[in-house]
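Structure, as structure tokens:
The values are calculated or read from the model by the stated rules, or taken from the named source; none is laboratory data. All values derive from a computational prediction rather than experimental measurement. Note: ideal-geometry Cβ built from the backbone for every residue, glycine included; neighbour counts use all protein chains shown. For the accessible areas, the whole protein counts, side chains as well, though only heavy atoms, and no ligand, DNA or RNA atoms are used. Shrake-Rupley method; radii C 1.70, N 1.55, O 1.52, S 1.80 Å.
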Amino acid sequence: MRFLVALFALLMLPWMPARALESTAQESPRARVTLVVDHLAIAPGKAFQLGLRIRLAPRWHSYWRHAGDAGAPTEINLTLPEGSTAGPIAWPTPQAIPFGPLMSFGYYGEVVLPMQITPPASLRAGEVFSITAAATWLVCDDVCIPEEGSFRLDLPVVAEAQKNPDLAPLFAAAAAALPRPSPWQASASIQGDALRLRLTGPGLGRESLKEALFLPGTGGLLDHAAPQRLSHGADWLELTLKRAERPEKVSTLEGVLLLTDQGGRRLGYEVATPLLAGAGFLPLWQALIFALIGGVILNLMPCVFPVLAMKAMALARLGGAARGAVRLEAAAYTAGAVVSFTALAGLLLALRGAGMALGWGFQFTSPVFVLAIAWLMLAVGLNLSGVFALGGPIGAGGHIAARGGFLGSFATGALAVLVASPCTAPFMAAAIGAALVMPAPATLAVFATLGLGLAAPTLILALAPGLTRLLPRPGPWMEKLRRIMAWPMYGAALWLVWVLWAQSGWLGVALALAGGLGLGLAAWVFGRAQRAGQRGLGPVLAALALLLALPFGLTAAPPPPGASDIAESWSPTRVEALRAQGKGVFLNVTAAWCITCQVNERLALRRDAVQAAMATRGIVYLKADWTRGDPAITALLRTHGREGVPLYLFWPPGGGEAVILPEVLTEAMVLSQIAVP
């Protein structure tokens, strides 16, 4: 008998109206609700769409999956034949519904809440697939009324599924109403009672968008009714949101971003991004303290070693000097460090405001900048070696002590910052991460404090010039020290040529060597002219020689072929796939121009014991190389509260949130983190 009923239904398909696959309605003065399906007949194992169709009376509304300050989402409980599966409700993009001091999220008019149903493959043609559903929904106007209903649909099973052309537009409209995956890089950070959501990518500028509104997917984090301040750049937007009075602690910001273009079309985009951990929560006073401590520690980082020569000579000049001279030298060096840190921060903010996805140390992602600094290190080394002099003939002893002055010390402080900027020290990373989500004046204050920290050892001499009595007196030994100190500068130049090879291949190396040859010739000609007392010929010949060093056409190139590494290349999908398999992941975010990164890798990460521990626990070692300033890696750094490298992340096997390791690693430190089950 059941087979005959199914056969009769199949034969009648061409003449069945659409309402035959729309259940009996549950009606009230406020809403008419039915169960609908997008197929006239289904096939074994082939998925189809089922939906709860809600048609609301004027002024009445129902609710989204997160109702906001008041309301409740629609709930659907299905009863399906054994072996069937049902997906979750695919919630269409809602709209914000204000009511007094409250804000809710939901729908007016008509809405379809679709779900994907997969019948078992064991079904046979001629059977009937029966669906029953019990649903509850809340409808509100000035008052709210809960409603409920029970629904049933019987679908014939055939060998080849047949879609329902009459209901196809309904389900097509439901699919079009779903939020789209966001195509942009997103980051979110908390500063005080504000939460900043920033998206970077094309199509987000002021000329493209009229309005933006973020609807959170969960409660307890934001004040839903508070105004959302929108800021634009060329290729970015930022929404400043107000946190709830007693915000819940969550690690991810998730919801729907509603964007309205200049033509009035509104689209929703799914957004899910980690909230900045640690750094994003720092208040200004704490960021300033961290910046001061980080700046002091920066003096001990490998990145600052190339300016060791200049710092050593500067301290040597102060031995036996008058108090006024000591204060002048120390103040000038401090001013150079503070001004340079602040200027770099201002440039970074300006470029980010123009839509560029940049982080701390961004200048070293440019091959042209790296080449210029390599030549500068070479020029400083040649100067220290006595090939040429600035400010007069090359002398020794007291003449060297007399050299320097305000401009010389200022330039030394500025160069120290320029060379130190590729790396971050402990405390400094957190301070920079916090600073770059603060208003611009606070950001500049944090970076100025970093400069104070870097200059602190010299600044102490300005505050207590009597300490210079502990320094050795100037004398002929300073000339020997000067020539010895030239070699760290040559080493720095060679290191930067290696960085250039990683960025631009052999073209960069060839330009660096050719330019270095021209620079050496210019320095030699200039030095000979100085010794001969010639003031015109030397600079002219030097300038002509320097023209040979211009880096025409130098750009970033792909990595040189044949490069091998013990680490796999990072990608977000690779991390997700490994974590889905339950594997541990150790991620090294590094750059060729970061000396601290290279030291950590050789003294800790490449150690046999560390690699053996990773292999034993099934931990996959990934590397994200920021040498060329990859925007995806920039976004990765920001999502973890960092604006520069190094950054080390460890996801333990079996699941769990990422652990951030310190900027300076030891073998024992890494083993203690990864070897504990």
Output for Cβ contacts, cut-off 8 Å, separation at least six or different chains, first residue closer than 17 Å to T118 by Cβ and open to solvent by 60 Å² or more (accessible area, probe 1.4 Å) in the range 155-175, second assigned to a loop (DSSP other than H, G, I, E, B) and acidic (D, E), reads K163/D38
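When you check K242 against the structure, is it at pLDDT below 90 and either open to solvent by less than 20 Å² (accessible area, probe 1.4 Å) or basic (K, R) (or both), yes or no?
On the way: at pLDDT below 90: no; either open to solvent by less than 20 Å² (accessible area, probe 1.4 Å) or basic (K, R) (or both): yes.
No.
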Taking the range 118-143 as the search range and keeping residues that are buried (at least 17 other Cβ atoms within 10 Å of the Cβ) and under 43 Å from the mean Cα position of the chain (by Cα), which one is farthest from G68 (Cα to Cα)? P119
Can you tell me which condition P146 does not meet? The list is (1) touching a helix residue (DSSP H, G or I) at 6+ places or on another chain (Cβ under 8 Å); (2) exposed (fewer than 15 other Cβ atoms within 10 Å of the Cβ); (3) not small (G, A, S), and all the others hold. (1)
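Tally the residues that are part of a loop (DSSP other than H, G, I, E, B), in contact with a Gly (Cβ under 6 Å, 6 or more places away or on another chain) and either modelled with pLDDT under 70 or buried (at least 24 other Cβ atoms within 10 Å of the Cβ) (or both), restricting the search to the range 415-436.
4
Determine whether the range 207-217 contains at least one residue that is in contact with a helix residue (DSSP H, G or I) (Cβ under 9 Å, 6 or more places away or on another chain), touching a residue at least 40 places away in the same chain (Cβ under 8 Å) and of a type in the set (F, W, Y). Lay out the reasoning, then the answer.
Filtering the range 207-217 for residues in contact with a helix residue (DSSP H, G or I) (Cβ under 9 Å, 6 or more places away or on another chain) gives none.
Scanning the range 207-217 turns up no residue that is in contact with a helix residue (DSSP H, G or I) (Cβ under 9 Å, 6 or more places away or on another chain), touching a residue at least 40 places away in the same chain (Cβ under 8 Å) and of a type in the set (F, W, Y).
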Looking only at the range 34-66, count how many residues are over 15 Å from I131 (Cβ atoms) and open to solvent by less than 50 Å² (accessible area, probe 1.4 Å). 12
Take the residues in the range 583-628 that are touching a Leu at 6+ places or on another chain (Cβ under 7 Å) and open to solvent by 10 Å² or more (accessible area, probe 1.4 Å); name whichever of them is modelled with the highest pLDDT. V620
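Among A90, A31, which is the only one that is open to solvent by less than 20 Å² (accessible area, probe 1.4 Å) and at pLDDT 95 or above? Outline the logic, then answer.
Working: A90 fails: open to solvent by less than 20 Å² (accessible area, probe 1.4 Å).
Result: A31 is the single residue among A90, A31 that is open to solvent by less than 20 Å² (accessible area, probe 1.4 Å) and at pLDDT 95 or above.
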Considering the range 464-497, residues that are modelled with pLDDT of 70 or more and surrounded by fewer than 16 Cβ atoms within 10 Å (Cβ to Cβ), and then whichever is farthest from G629 (Cα to Cα), we arrive at K480
Pairs needed: first member in the range 650-677, closer than 21 Å to T639 by Cα; second member anywhere, assigned to a loop (DSSP other than H, G, I, E, B) and of a type in the set (V, I, T); C-beta distance under 6 Å; at least 6 residues apart or different chains. E663/T424
Within the range 109-117, can one find any residue that is assigned to a strand (DSSP E or B), under 25 Å from T24 (Cβ atoms), without any contact (Cβ under 8 Å) to a residue 60 or more places away in the chain and open to solvent by 70 Å² or more (accessible area, probe 1.4 Å)? yes
Which ones in the range 640-677 are surrounded by 19 or more Cβ atoms within 10 Å (Cβ to Cβ) and among the hydroxyl-bearing types (S, T, Y)? Y648
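Please verify whether T573 is open to solvent by less than 10 Å² (accessible area, probe 1.4 Å) and modelled with pLDDT of 70 or more, treating the condition exactly as stated.
Answer is no for this residue.
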Could you give me the residue pairs with C-beta distances under 8 Å whose first residue belongs to the range 598-617 and is part of a helix (DSSP H, G or I), whose second residue is among the basic types (K, R) wherever it lies, and which are 6+ apart or on separate chains? none
Which of the residues that make up the range 245-266 are open to solvent by less than 30 Å² (accessible area, probe 1.4 Å), aliphatic (A, V, I, L, M) and either in a loop (DSSP other than H, G, I, E, B) or over 21 Å from G433 (Cβ atoms) (or both)? V256, L257, L258, L259
Residues being open to solvent by less than 40 Å² (accessible area, probe 1.4 Å) and of a type in the set (S, T, Y) - total across the range 67-80: 1
